[in-house]
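The values are calculated or read from the model by the stated rules, or taken from the named source; none is laboratory data. The model shown is predicted, which means the values in this text are computed figures rather than measured ones. Cβ placement follows ideal geometry from the backbone for every residue including glycine, while neighbour counts extend to all protein chains displayed. Surface areas here come from the heavy atoms of the whole protein model, side chains and all, with no ligands, DNA or RNA. Shrake-Rupley method; radii C 1.70, N 1.55, O 1.52, S 1.80 Å.
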Amino acid sequence: MDKVRVYYDRTGNTLSVWFGDPQKEAICEEIADDVILVKDRRGHVIGFERLNYLSKRQKAPKGHIPVEFEVI
């Protein structure tokens, strides 16, 4: 099974999710407000980033954040 890496940056308030190697990032494409696809040189999506992840009213979580996902 491939790794999925999930990072939350408290300072930048961003959530980054990587399906591939972050070192291969070559192209970033904003597809919606505050949603950016990260692609490799061939144009394959290797991750995405959600800007402004938490609203100003929400508190940043401490410790680990549970994440559920399904691979199809």
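Selection of first residues in the range 12-28 that are under 27 Å from Ser55 (Cα atoms) and touching a residue at least 40 places away in the same chain (Cβ under 8 Å) and of second residues that are open to solvent by 80 Å² or more (accessible area, probe 1.4 Å) and in a loop (DSSP other than H, G, I, E, B), restricted to Cβ pairs under 6 Å at least 6 apart or on distinct chains, gives the following pairs, ordered by first then second residue: Asn13/Asn52; Asn13/Tyr53. Only residues that are more than 15 Å from Arg5 (Cα to Cα), open to solvent by 90 Å² or more (accessible area, probe 1.4 Å), out of contact with any helix residue (DSSP H, G or I) (no Cβ under 8 Å at 6 or more places or on another chain) and charged (D, E, K, R) were counted across the range 15-61, and they come to 6.
Residues that are in contact with an Asp or Glu (Cβ under 7 Å, 6 or more places away or on another chain) and part of a strand (DSSP E or B) do not occur anywhere in the range 21-35. Looking across the range 21-70, the residues that are β-branched (Val, Ile, Thr) and at pLDDT below 90 come down to Ile65, Val67.
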